[in-house]
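This report concerns only the one structure given below.
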Amino acid sequence: MNKTITILHTNDLHGNYELVVRQAAYIKERVSELKARGESYLLLDGGDHLDMSINECLATNGHMHLDMLSDVGYHAMSAGNNELLRSTPELIRKHSRKSSVPWLLLNLVEGDGTPIGGMKETLLVTVDNGVKVGLFGATDQFGDLYENKHGFKNLETLGGIKKAVADLKEQGADVIVFLSHLGYGADVEMAKEVSCLVDVIVGAHSHTVLQRPVVESGVVIVQAGSHGQYVGELKLDLHIENGLDKIKSFEGKLVEITPESEADASMEAILEKGREETNEFFSEVLYTTSEELTHADVIQLIADAVRDYWKSEIGIMYGGAAVDEGLETGDVTKGDVYNRCRSMHSPVLMELKGEQIAGLIEDCLNQEVISKPVYGNGFRPHGIAIGALAFSGVTWRDNDGVISDVKVNGEGLVGEKVYKVGTGSPLLYKEVCGYASVKGNKLVEVGKTEMVKDVFMDYLRANRESPVKLTR
């Protein structure tokens, strides 16, 4: 028996609303064409549809995206790191339960081993021509980050895939599709392990533009770039006989979406409603300043804020990656902070020895260190310089680049003494921040529900009636 199915796929939207309203228009038109011809289809997303660094997503708590996914008519999506990492566990559970589009995830569970919220390990979808498509999803676990931050539990990915495939086959699945938020390189390696188990990997996470499908060990791999720039289409010609299936042939492509593409009216209405909520959310006045605050002033205030948050001896904040400019005289609103603090870093409490503190001060004099462009998880935008450090609770003398008389809260710095330091997550990793002196630090605690920008806003609110004194 020969049958055909077309898989339409997207991934890594990251809240690019200019294109999502156009991407949706194309998808709806293409679905209408397929239905008119009596052809079966499946519409899938690989995750990172939400992005809490984008104002509208943040202000609506991500719910606007659930409406968007539902409006377009997706059959399923994989849970990406932006659905998981930048939300509280409570919000992740709420999103995955409320979503009309199933969230698929098999390699991350609650601490007690149960599924997270409304997440599903597998999903069996029967399309119009009777083909049964088995779906499952997995995400990049970022080491033990989710375990430390959310209290979730990592499961072994390959073992989970083998179990999922067995379960789906037992349910009668003709085709197995893996919604992967692992990244293209990991997908290629995984394909070697799941040959003869998985038919198609719909990829995400690495923002890879695959104009044509790639075949590795008999597994078809597709990925549609990022930020709504493409819609992927994969047509599968199947031969199904006696419960066994075989892809006789396939054809895949990417359709480019541009700002000139037609927009979808219902998606624009969802976006407009979200923007009204966003304007209200950002109008809150946090603080009033009688003088202009320079970029350095704001970094210093954030260093004071993380120190106050953790009640630590020292606060340290990096420059460019924390905030991109200063604040004007007058009222400082929530919107002012969010528009300047794009990065999505967690506040952390760590331990550093006195000699490491001294080393960080010296590192700040090294232009090569402070101008290092940084990428990786949480940086918005990617490729900005980490910048110099601001210290709270630490003073020193600088005589033409020679540092002396370093004190912590008025007492002389002790090289072997261990100090508690409040900062942001990039400073945990030398390979991320570029400051060699952080090597050997000890992580004490991670802020599980807040970002550095949230800590800064709370600090401004708390000091609104008694303005803080700047150390310049």
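Observations, loosely collected:
- All positions within the range 366-383 that are in contact (Cβ under 8 Å) with a residue 24 or more places away in the chain and surrounded by 13 or more Cβ atoms within 10 Å (Cβ to Cβ): V369, I370, K372, V374, N377, G378, F379, R380
- Remark: A305 matches the filter, which requires a residue to be small (G, A, S), at pLDDT 95 or above and surrounded by 22 or more Cβ atoms within 10 Å (Cβ to Cβ).
- One residue from K153, K162, K149 being surrounded by fewer than 24 Cβ atoms within 10 Å (Cβ to Cβ), of a type in the set (D, E, K, R) and touching a Ser or Thr at 6+ places or on another chain (Cβ under 9 Å): K149
- Verdict on S249 being in the same structural domain as T139 (by TED's automatic domain parsing), in contact (Cβ under 8 Å) with a residue 12 or more places away in the chain, of a type in the set (S, T, Y) and not in a loop (DSSP other than H, G, I, E, B): yes
- V337 vs. criteria within 16 Å of F456 (Cβ to Cβ), β-branched (V, I, T) and in a helix (DSSP H, G or I): yes
- The range 60-98: number of residues that are of a type in the set (A, V, I, L, M), assigned to a helix (DSSP H, G or I) and either within 13 Å of G118 (Cβ to Cβ) or touching a residue at least 60 places away in the same chain (Cβ under 8 Å) (or both): 7
- Residues being at pLDDT 90 or above, out of contact with any helix residue (DSSP H, G or I) (no Cβ under 7 Å at 6 or more places or on another chain) and surrounded by fewer than 21 Cβ atoms within 10 Å (Cβ to Cβ) - total across the range 341-364: 7
- For the residues G378, G387, the requirement of being within 20 Å of D304 (Cα to Cα) and modelled with pLDDT under 95 singles out G387.
- Taken together, S261, S180 contain a single residue that is polar (S, T, N, Q) and outside any strand (DSSP E or B), which is S261.
- Residue that is surrounded by the fewest Cβ atoms within 10 Å (Cβ to Cβ), among those in the range 252-276 that are over 30 Å from F178 (Cβ atoms) and without any contact (Cβ under 8 Å) to a residue 60 or more places away in the chain: E260
Yes/no per residue for (1) surrounded by fewer than 23 Cβ atoms within 10 Å (Cβ to Cβ); (2) in contact with a helix residue (DSSP H, G or I) (Cβ under 8 Å, 6 or more places away or on another chain); (3) at pLDDT 95 or above:
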{"position": "T10", "(1), (2), (3)": "no, yes, yes"}
{"position": "N16", "(1), (2), (3)": "yes, no, yes"}
{"position": "E29", "(1), (2), (3)": "yes, no, yes"}
{"position": "D45", "(1), (2), (3)": "no, yes, yes"}
{"position": "H65", "(1), (2), (3)": "no, yes, yes"}
{"position": "S78", "(1), (2), (3)": "no, no, yes"}
{"position": "R93", "(1), (2), (3)": "yes, no, yes"}
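- Condition met for K469 (closer than 21 Å to L301 by Cβ, among the charged types (D, E, K, R), in a loop (DSSP other than H, G, I, E, B) and at pLDDT below 90): yes
- Of residues in the range 165-190 being buried (at least 22 other Cβ atoms within 10 Å of the Cβ) and without any contact (Cβ under 8 Å) to a residue 40 or more places away in the chain, the one farthest from T139 (Cα to Cα): M190
- In the range 102-138, the residues that are in contact with a Gly (Cβ under 6 Å, 6 or more places away or on another chain) and either farther than 18 Å from L182 by Cβ or touching a residue at least 60 places away in the same chain (Cβ under 8 Å) (or both): L104, G111, L124, K132
- Hey, S32 among the hydroxyl-bearing types (S, T, Y) and in a helix (DSSP H, G or I) or not: yes
- Pair list, Cβ under 6 Å, 6 or more apart: the range 428-439 residue touching a residue at least 40 places away in the same chain (Cβ under 8 Å) and in a helix (DSSP H, G or I), other residue among the aliphatic types (A, V, I, L, M) and surrounded by 14 or more Cβ atoms within 10 Å (Cβ to Cβ): C433/I386; C433/L427; S437/L360; V438/L427
- Selection count where residues are of a type outside the set (D, E), within 24 Å of the chain's Cα centre (by Cα) and more than 21 Å from V72 (Cα to Cα), scope the range 106-137: 11
- Where a residue in the range 205-230 is touching a residue at least 12 places away in the same chain (Cβ under 8 Å) and within 21 Å of R22 (Cβ to Cβ) and its partner, wherever it lies, is polar (S, T, N, Q) and not in a loop (DSSP other than H, G, I, E, B), with Cβ under 9 Å and at least six apart: Q223/S180; A224/T10; G228/T10; G228/Q23; Q229/Q23; Y230/T10; Y230/Q23
- Residue in the range 18-27 that is surrounded by the fewest Cβ atoms within 10 Å (Cβ to Cβ), counting only those that are within 25 Å of the chain's Cα centre (by Cα) and among the hydrophobic types (A, V, I, L, M, F, W, C): L19
- Scanning the range 414-461 for residues that are within 25 Å of the chain's Cα centre (by Cα) and β-branched (V, I, T) yields T423, V432, V438, V444, V446, T449, V452, V455.
The values are calculated or read from the model by the stated rules, or taken from the named source; none is laboratory data. The structure presented is a predicted model; accordingly, all values stated were derived computationally and were not measured. Here Cβ is always computed from backbone atoms with ideal geometry, including for glycine, and neighbour counts include all displayed protein chains.
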